[in-house]
Each structure stands twice: as structure tokens, then as C-alpha cells.
Amino acid sequence: QVQLVESGGGLVQAGGSLRLSCAASGRTVSNYAMGWFRQAPGKDREFVAAISRSGGNTHYFGSVKGRFTISRDDASNMVYLQMNSLKPEDTAVYYCAAKGGTGSYTISAGYDYWGQGTQVTVSS
């Protein structure tokens, strides 16, 4: 079992930055690829970013490429999402997730553990 707790969300103006954190407990996150997803009101949950077990490979949703950066610190059992140049369309609840198996990083069904989410609101 892995427990994930997100933090760092909040209200920010367009063009601003936020850093989301995901604290893991239970098993070490080094055993998992990690991902961030988001869900806006009335929309499906969508992939944002993922990082491989080794940290050597990262993947991003098209609209966040160049603005968001995912990273991991296995020694601290933490995963981060640095979000820059935020836009109102980035407004959503952001979820951290852990993936133990193989397969696409972009499919939410492939992730085994999820946090409770943190709200990010970007005002125009």
C-alpha cells in the first residue's frame, strides 16, 4: 500500500507559478512511476505529467509542455510538479498517482494509488 497526500495548491493569477508536492508513505516511491492528473468541473480526469521509476524519463500533456516540470526525490519519498506561466484553463483539482505496472503513463486506469487531490485555481 502507498498513501499519497498532495499539497501546494491555491489561487494564483494568470502567469503565476505554483509548486505542487506529493508526499508518499507506506512503500517507497522508488518502486513506482509517478504521475500527475487533473480534473476540471464537468470534465474527465486528464493526464498532466509522469516520471519513470528511475527519473530518467518524463512525459507531459501537450498543453503543459514547456510550462510544467515533474520531478522526484526518492530519498524523501516526494514527487513535485512545478507549474509556471499558469493559465485559467489550468484550473482543476490535481491528483498525484503511483503506477506499479507497465504500459502507458497517460492512462489513469494504469495507476494503482491516488491522492485526494489539491485545488488549483488560476484567475484571469
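The values are calculated or read from the model by the stated rules, or taken from the named source; none is laboratory data. Only a predicted model underlies this, so the values are computations on that prediction, with no experimental measurement involved. All Cβ positions, even for glycine, are placed from backbone atoms using ideal geometry, and neighbour counts span all protein chains on display. Each accessible area value is taken on the protein alone, full model and side chains, heavy atoms only, with ligands, DNA and RNA left out. Shrake-Rupley method; radii C 1.70, N 1.55, O 1.52, S 1.80 Å.
A few remarks follow.
- Separation in nanometres of the label points that stand 7 Å from Cα toward Cβ, at Gln13 and Ser63: 2.3 nm
- Evaluating kT/(6 pi eta Rh) at 20 °C and 1.002 mPa s, with the Kirkwood radius of the chain over Cα pairs in the Stokes-Einstein relation, gives 151 µm² s⁻¹.
- Accessible surface, 1.4 Å probe, highest first, among residues Arg27, Arg72, Arg45, Arg38: Arg27, Arg45, Arg72, Arg38
- Accessible surface for the chain, divided over its residues, is 48 Å² per residue with a 1.4 Å probe.
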